[in-house]
1. Considering Lys141, Lys180, Lys134, Lys119, which residue is in contact with a Lys or Arg (Cβ under 8 Å, 6 or more places away or on another chain), open to solvent by 50 Å² or more (accessible area, probe 1.4 Å) and without any contact (Cβ under 8 Å) to a residue 40 or more places away in the chain?
2. Can you confirm whether Leu151 is within 17 Å of Arg197 (Cα to Cα), touching a helix residue (DSSP H, G or I) at 6+ places or on another chain (Cβ under 6 Å), open to solvent by less than 30 Å² (accessible area, probe 1.4 Å) and not β-branched (Val, Ile, Thr)?
3. When both residues are 6+ apart or on different chains and their Cβ atoms are under 6 Å apart, which pairs have a first residue that lies in the stretch 46-59 and is open to solvent by less than 30 Å² (accessible area, probe 1.4 Å), and a second that is aliphatic (A, V, I, L, M) and in a strand (DSSP E or B)?
4. Residue check: is Thr75 polar (S, T, N, Q), within 16 Å of the chain's Cα centre (by Cα) and within 25 Å of Asp24 (Cα to Cα)?
5. Considering (1) in contact (Cβ under 8 Å) with a residue 24 or more places away in the chain; (2) closer than 23 Å to Val91 by Cα, say which one Tyr149 fails and leave the rest.
6. Report, by residue number, each residue of the stretch 81-113 that is farther than 30 Å from Val205 by Cα, open to solvent by less than 50 Å² (accessible area, probe 1.4 Å) and in contact (Cβ under 8 Å) with a residue 40 or more places away in the chain.
7. Restricting to the stretch 11-41, count the residues that are open to solvent by 60 Å² or more (accessible area, probe 1.4 Å), under 19 Å from Ser76 (Cβ atoms) and either out of contact with any strand residue (DSSP E or B) (no Cβ under 6 Å at 6 or more places or on another chain) or not polar (S, T, N, Q) (or both).
8. Gly177 - would you say it is over 19 Å from the mean Cα position of the chain (by Cα) and of a type outside the set (S, T, N, Q)?
Amino acid sequence: MAFKPENIIYEDNHLLVYNKQVGDIVQGDKTGDMPLSEVVKAYIKERDAKPGNVFLGVTHRIDRPTTGVVIFAKTSKALERMNALFRDGGVDKTYWAIVKKAPEKDENMLVHHLSRNEKQNKSYVFDAPKSTTKEAKLRYKVICKSDNYSLVEVELLTGRHHQIRAQLSSIGSPIKGDLKYGFPRSNPDGGICLHARKVEFLHPVKKEKITIVAPVPDDALWQYLAKAVEKGV
């Protein structure tokens, strides 16, 4: 894992926010690969010359092939309060996704019912609820188009497994590089073009509104679309 201190996009005494790269895992899993949580912890220990153990709590996760905002808590108090914010819908999450085939409607609310298959590490989409499903909601808006791709902004209203990937695929707009959900080709880096772009929440200790925006990956297509959005193209 290529940890880059410059990818820390916010830090205070209570929180550290990192712009995750493709392939980073946020928390340890069955692969046994070194998780970002441990790498950041080691970095803080060395940077701040801390003699004892460093506390770093994982407040949420994003998928390994995705990029963008990941929030860590530097104190147990901040972790407890951030967990409550995520649980109670107190964190507004905005994602950007690049798709080849734009959705039929430029903006819409999607409501589906998702069933997670643990063995396949995949979620399946249903229009009606079943005994194994959980309701999944998001709002999307197409914010930019190039000759070949569209950039879709997604407001995540529930936090289901692979929710954005599964729901966009179900309307015929799989995310670029996402073989698991129907895109025909992989990306060279093995990632998918889904980026946790922005989070907004009330700081768990300071009680101020915090808005954090993660720069898009250093990739020609991402950079082109992000610049087009800035220019209002």
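The values are calculated or read from the model by the stated rules, or taken from the named source; none is laboratory data. Owing to the predicted nature of the structure, the values given are computational and were not obtained by experimental measurement. Positions of Cβ are backbone-derived with ideal geometry, glycine not excepted, and every protein chain shown enters the neighbour counts. Surface accessibility is based on the protein's heavy atoms, side chains included, excluding ligands, DNA and RNA. Shrake-Rupley method; radii C 1.70, N 1.55, O 1.52, S 1.80 Å.
1. Residue meeting the stated conditions: Lys134.
2. yes
3. Hits for this filter: Gly57/Ala73; Thr59/Ile71; Thr59/Ala73.
4. no
5. (2)
6. Passing the criteria: Ala97, Ile98, Val99, Ala102, Pro103, Leu110, His112.
7. 3
8. Answer is no for this residue.
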